Structure formats: C-alpha cells, structure tokens
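See below for the structure under consideration.
The values are calculated or read from the model by the stated rules, or taken from the named source; none is laboratory data. Source: prediction; values computed, not measured. All Cβ positions, glycine included, derive from the backbone under ideal geometry; neighbour counts span all protein chains shown. When the accessible area is computed, the model is the full protein with side chains, heavy atoms only, and any ligands, DNA or RNA have been set aside. Shrake-Rupley method; radii C 1.70, N 1.55, O 1.52, S 1.80 Å.
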Amino acid sequence: HLGTNYNVPHGIAGGVFLRDITRLNHNAGFHNYSQLYPFIPNADPTIQDKKMQSESVVNAIESLVDDLNVPCKLETLGVPQGDYDSFYEYSTETIKAAFDFNPIKLDNKKIEIFLKTIMNLKEKESLVYSK
C-alpha cells in the first residue's frame, strides 16, 4: 500500500512498521525476540532472563531505526492523516491474512490502535507502548 500509493520503497515501509510492531509484540508477552539477543553487540552473557533479553533486542531495534533515521510516522512519508480509513480497510480486509502471521493476535481493534499510532492520530499511550 505504501509502495503502490505513496512511492515508498518496501524496505523503508518495513522499517516504519518494525519499530512499533516489535514493541507491541514484546509488551503483549511475546519474548522470543530473546533468540536474537546473542547477536546484539556487547550483549551481557550473564543475562539469562528471556523477557530481559527480548527487551534488549527491542531496544536495539528501536535504536537502529533511530540511527538510520527511518521515519516512525507515516505522515513523514507523505501519508496524510485523512487516509486513515483506506489504511484501516486495507489492513483489516485486503492484507488481514498477513497480520495472522504476527505472533500476537491482532484483531481489528488492535489494528486500529496500531494504525492510529503510526499515523499520529493517537498519543503513544496506545497498546504499542503500554506495558
């Protein structure tokens, strides 16, 4: 949708979503990002707690996205807030099956909150950032 309608390269589009979706998953109890912990530079081998390791990975992803200056809001990519309805429809109908691969079940309400977060329509008290 971003590539077709807004000429956003696929990798950039993925980076925009990566930050918030990994945070959402982690905060919802998915801690298997811990499997990536050994690949973090200077990872402390004494940390064995899966949740702490996962948190470190999510923090590293957030830092990497920041360091690469990947936008974290769609409006930065030229997507007006008024296009929310089309994004919501696209996400809940056209590509709903893609969301089914997410490790945390994303019903339409969670998709709504997620989209409003990345479209800057809602404060960061959303489910993405709530713990």
Within the range 1-26, take every residue that is out of contact with any Cys (no Cβ under 7 Å at 6 or more places or on another chain) and aliphatic (A, V, I, L, M) and give me the one that is surrounded by the most Cβ atoms within 10 Å (Cβ to Cβ).
24
Quick check on this structure: which one of 131, 122, 109 is modelled with pLDDT under 85 and either closer than 23 Å to residue 5 by Cβ or outside any loop (DSSP other than H, G, I, E, B) (or both)?
122
Qualifying positions in the range 96-105 - open to solvent by less than 60 Å² (accessible area, probe 1.4 Å) and either touching a residue at least 40 places away in the same chain (Cβ under 8 Å) or in contact with a Pro (Cβ under 9 Å, 6 or more places away or on another chain) (or both)
102, 104
Just to be sure, is residue 65 out of contact with any helix residue (DSSP H, G or I) (no Cβ under 6 Å at 6 or more places or on another chain), assigned to a helix (DSSP H, G or I), β-branched (Val, Ile, Thr) and open to solvent by less than 40 Å² (accessible area, probe 1.4 Å)?
no
For the structure I just gave you, tell me whether residue 73 is farther than 16 Å from residue 117 by Cβ and either modelled with pLDDT of 90 or more or open to solvent by less than 30 Å² (accessible area, probe 1.4 Å) (or both).
no
Which one is most open to solvent (accessible area, probe 1.4 Å), of the residues in the range 27-55 that are in contact with a Phe, Trp or Tyr (Cβ under 6 Å, 6 or more places away or on another chain) and not aliphatic (A, V, I, L, M)?
53
